[in-house]
Amino acid sequence: MRLSAPKFLVWLLALVLAALAIVSKYTGIPYIGSFVRQYDFWFMTAAYGLLFLGTLFKGL
């Protein structure tokens, strides 16, 4: 199986999702904080899933 690096946009989106999940554990985020705090596990899961898919498929 040949793996490839994800595109920059996919990597950046995964980084933002992961950062939101981590920051919401320690402090409040204005405007979207309660939503992120409620679903922080799914935000982190989506971030790693997105990186996995970006690495697995070449065009993503």
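For Ser34, the conditions (1) modelled with pLDDT under 90; (2) in contact with a Lys or Arg (Cβ under 8 Å, 6 or more places away or on another chain); (3) small (Gly, Ala, Ser) are fulfilled apart from (2). I'd like to know if region 4-19 contains one or more residues that are modelled with pLDDT of 90 or more and polar (S, T, N, Q). No, there is no match, as no residue in region 4-19 is modelled with pLDDT of 90 or more and polar (S, T, N, Q).
The values are calculated or read from the model by the stated rules, or taken from the named source; none is laboratory data. Keep in mind that what you see is a predicted model, and the values were worked out from it rather than measured. Because the Cβ atoms are built from the backbone with ideal geometry, glycine has one as well, and the counts that use them run over all protein chains shown.
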